[in-house]
């Protein structure tokens with residue numbers, strides 16, 4: 001399993017714990033929440049086995065998290081929206097998409113040059129340089 005998939009599994013687990021808490025707080029209809037959680041767990045199981053096939057389910061579920069659970073939409077890890085892409089990108093502002101595009105370019109360059117690449121570290125560096133340019 002690639003590091004990218006492993007990283008996104010951690011993010012899915014984090015989001016799942018938030019969704020469980022929402023369900024326990026009874027902020028959502030229980031029956032539909034239970035069915036949604038079953039589909040979420042299917043995605044969690046499918047991602048390490050077939051990352052490509054899981055893209056569509058991931059897009060669908062991330063979009064549903066935002067529309068069904070608007071109270072936690074701001075807690076959805078942005079990396080998941082970027083990773084699953086498609087309709088998920090509608091929930092990201094342009095400047096955020098530009099940041100992720102720049103990250104992808106840096107990762108590609110690093111891979112071409114056989115250099116190590118730390119996604120989270122690079123993301124922080126890019127975010128800081130973007131903040132500096134706004135002041």
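Give the number of residues within the range 10-31 that are surrounded by fewer than 15 Cβ atoms within 10 Å (Cβ to Cβ) and either closer than 13 Å to residue 83 by Cβ or free of Cβ contacts under 8 Å to residues at least 24 places away in the same chain (or both).
Residues flagged as surrounded by fewer than 15 Cβ atoms within 10 Å (Cβ to Cβ) and either closer than 13 Å to residue 83 by Cβ or free of Cβ contacts under 8 Å to residues at least 24 places away in the same chain (or both) within the range 10-31 amount to 10.
What residue, among those in the range 100-135 that are over 21 Å from the mean Cα position of the chain (by Cα) and not in a helix (DSSP H, G or I), is modelled with the lowest pLDDT?
In this case the residue turns out to be 135.
Residue by residue, here is whether (1) more than 18 Å from residue 124 (Cα to Cα); (2) surrounded by fewer than 18 Cβ atoms within 10 Å (Cβ to Cβ) holds:
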| site | (1), (2) |
| --- | --- |
| 46 | yes, yes |
| 50 | yes, yes |
| 56 | yes, yes |
| 67 | yes, yes |
| 71 | yes, yes |
| 77 | no, yes |
| 80 | no, no |
| 89 | yes, yes |
| 92 | no, yes |
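Restricted to the range 39-55, and to residues that are in contact (Cβ under 8 Å) with a residue 12 or more places away in the chain and more than 14 Å from residue 16 (Cβ to Cβ), which residue is nearest to the chain's Cα centre (by Cα)?
Checking each candidate, the answer is 55.
The values are calculated or read from the model by the stated rules, or taken from the named source; none is laboratory data. Quick caveat: nothing in here was measured; it's all calculated off a predicted structure. Every residue, glycine as well, gets a Cβ built from its backbone with ideal geometry; the counts of neighbours run over all protein chains shown.
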